[in-house]
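Scroll down for the structure; my scribbles are underneath it.
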There are 2 protein chains.
Amino acid sequence: MHTSIQPKTHDRTTPQRVAFLGLGVMGYPMAGHLAQAGHHVTVYNRNPEKARQWCAQFQGQSAPTPALAAAQADIVMACVGNDDDLRAVFLGPDGALAGMQAGALFVDHTTASAQVARELGTFAAQAQVAFVDAPISGGQAGAQKGMLSIMCGGREQDVERARPLMQAYAQASTYMGPLGSGQLCKMVNQIAVVGLLQGLAEAMAFGERAGLDMEQVLAVLTKGAARSWQMETKGPTMLARDFKPGFTVNWMLKDLGLVQDEALRNGAQLPGTTLVQQQLEAIASQGGLDLDISSLFRPLARS
Amino acid sequence: MHTSIQPKTHDRTTPQRVAFLGLGVMGYPMAGHLAQAGHHVTVYNRNPEKARQWCAQFQGQSAPTPALAAAQADIVMACVGNDDDLRAVFLGPDGALAGMQAGALFVDHTTASAQVARELGTFAAQAQVAFVDAPISGGQAGAQKGMLSIMCGGREQDVERARPLMQAYAQASTYMGPLGSGQLCKMVNQIAVVGLLQGLAEAMAFGERAGLDMEQVLAVLTKGAARSWQMETKGPTMLARDFKPGFTVNWMLKDLGLVQDEALRNGAQLPGTTLVQQQLEAIASQGGLDLDISSLFRPLARS
């Protein structure tokens, strides 16, 4: 599978030596944008075939371990699956931290827990390495276009230092507060998204069953108090039964797991979010793990 | 209580004889805009003091019954509380229908059931009177500014006939389909709004408990996939514990009652909506009937 990226006009910035760990759906194009912006990028991926493919496409180089990828880098970016994957590429004898030089910066784009950001930040500090948690939103399309939105936690000067690089694939990167704040902000985002989507799914299914012309309904509702980005983009695809991701049920279940863990710590009540999580679990158990989260509409629709 | 309206530049339109039934929070300014647009408005209100006040403010006239208000009117508008109030002003010896001439048009701005629109439409047809269901959205502020959004059901030519008048207080009026379709579209809107608001409330409360700078969080989230009109307008007021209506818990509970009745007929499943309805019931039972629906945040917030 060849992942293309869309050309982006890059600001002139001093070329830097960068390592990028994790060439998944998001990381692959993000690393590509860094290379196209003129940086010297060394990639690492658990599956080396993907790394070879990336090197062929972007004339970069790859390394066999995170430590070796990180050894020559000023800044190391990572975008992996979850807390455990992140620990694996960061810690241990082959992990990035073992290779990083004092004064280098680690920027984690994984959507992970705030806890693991603080935990790895502590290890980083002991090695005089800076750590920033910087989860992203904007999905695969945002990564390909280089138009992600990034929520950053850590020390403000470290975020500032990462910003010129992140500009290669971001439309906005915002400082949110101390380590973990990026992750917490992403969680707030996901809570808002799933409540909104469930309401939208119920509204669309109700309207269909009521026999309304739903195209017309959407045209009216997107001008009023129910208006949302999700309604504008996912309303029509729900009605068309088009559940291509976008953002998968699988990914959202992972993110809601992080949300619930954090809620146990901070005491937040999440009755609506928990209900949507159950709906998503049911969709997943019926083979829908890789559908877009707008498939919340599916169990509600007549057919 | 003096209800002011904000000046609006009215399109030139042929002055018509209009009756307006119901001078509540919405009807009072709507009838005012009609008068200011140059129409000859006769008002009726259950509480005559309010009608006297309206006449003094807008140099109009009032009638002691709906039938008498409607007797000289080309078009009769109503904006009353619920199905029963609507039956009361439309049917019976003193009701509008008894006074209306053949060929006149009744436009109902009440948020009511689709059933009552069809029921009264049948009575209207027998008397050669046209009936349009035309619930509104935009709230009290929208009514005062003359910027409501109107969803219309009935015969298309009847909606067209009402349009020049509705322009006095609407920014948009859209034809949705046969009688009841306006009401059904409004229900779709309310389902989408409450799901969205619950998600927003949980997100805001979670973020506060997580210790985030919530102003900053809102600034970031309103640029992304969680973006909504409610987030932009109600996010900040939730955080400020400002629950002035807006749109009250009481009104939304009424609308969700209509939604649930209709769902029993059309088979729609509403797990999220039902959950939010329970939250609103709980707020109502604790004295919150007249708070804005964004008070969904209140039981979730630390204080």
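The values are calculated or read from the model by the stated rules, or taken from the named source; none is laboratory data. Not measured: the values here are computed from a predicted model. Note that each Cβ is placed from the backbone with ideal geometry, even for glycine, and that neighbours are counted across all protein chains shown. Quick note on the areas: whole protein, heavy atoms, side chains included, nothing else; ligands and nucleic acids left out. Shrake-Rupley method; radii C 1.70, N 1.55, O 1.52, S 1.80 Å.
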Subset of segment B:1-55 [more than 20 Å from the chain's Cα centre (by Cα) and in a helix (DSSP H, G or I)]: B:Gln36, B:Pro48, B:Glu49, B:Arg52, B:Gln53, B:Cys55
Test: A:Gly267 is closer than 29 Å to A:Gln115 by Cβ, free of Cβ contacts under 8 Å to residues at least 40 places away in the same chain, within 12 Å of chain B (Cβ to nearest Cβ) and small (Gly, Ala, Ser): yes
Options B:Thr122, B:Thr111; residue that is β-branched (Val, Ile, Thr), more than 21 Å from B:Ala35 (Cβ to Cβ) and part of a loop (DSSP other than H, G, I, E, B): B:Thr111
Some residue of segment B:85-107 being open to solvent by less than 20 Å² (accessible area, probe 1.4 Å), touching a helix residue (DSSP H, G or I) at 6+ places or on another chain (Cβ under 9 Å) and of a type in the set (Phe, Trp, Tyr): yes
Residue in segment B:154-172 that is assigned to a helix (DSSP H, G or I) and β-branched (Val, Ile, Thr) present: yes
In segment B:246-288, residue nearest to B:Asn189 (Cα to Cα) [restricted to those that are touching a Leu at 6+ places or on another chain (Cβ under 8 Å) and among the hydroxyl-bearing types (Ser, Thr, Tyr)]: B:Thr273
Selection count where residues are small (Gly, Ala, Ser) and in contact (Cβ under 8 Å) with a residue 40 or more places away in the chain, scope segment B:186-202: 2
Options A:Ala210, A:Ala172: the member that is in the same structural domain as A:Val276 (by TED's automatic domain parsing), open to solvent by 10 Å² or more (accessible area, probe 1.4 Å) and over 22 Å from A:Gly272 (Cβ atoms): A:Ala210
Failed item in (1) open to solvent by 10 Å² or more (accessible area, probe 1.4 Å); (2) in contact (Cβ under 8 Å) with a residue 40 or more places away in the chain, with B:Gln183 passing the rest: (1)
Some residue of segment A:275-282 being in contact with a Pro (Cβ under 7 Å, 6 or more places away or on another chain), farther than 19 Å from B:Leu196 by Cβ and surrounded by fewer than 24 Cβ atoms within 10 Å (Cβ to Cβ): yes
Filter result for B:Met151 (part of a strand (DSSP E or B), within 22 Å of A:Trp229 (Cα to Cα) and open to solvent by less than 10 Å² (accessible area, probe 1.4 Å)): yes
Close pairs from segment B:211-239: first more than 21 Å from A:Gly153 (Cβ to Cβ), partner open to solvent by 20 Å² or more (accessible area, probe 1.4 Å), Cβ under 6 Å, at least 6 apart: B:Arg227/A:Trp229; B:Trp229/A:Ala225; B:Trp229/A:Arg227; B:Met231/B:Thr222; B:Glu232/B:Thr222
Residue within segment A:134-150 that is on the phi < 0 side of the Ramachandran plot, touching a residue at least 24 places away in the same chain (Cβ under 8 Å) and at the interface with chain B (Cβ under 8 Å from one of its Cβ atoms) present: yes
Extreme residue, farthest from B:Arg118 (Cα to Cα), among residues of segment B:235-264 that are acidic (Asp, Glu) and surrounded by fewer than 19 Cβ atoms within 10 Å (Cβ to Cβ): B:Asp242
Selected residue [outside any helix (DSSP H, G or I), out of contact with any helix residue (DSSP H, G or I) (no Cβ under 7 Å at 6 or more places or on another chain), more than 7 Å from chain A (Cβ to nearest Cβ) and of a type in the set (Lys, Arg)] from B:Lys254, B:Lys244: B:Lys244
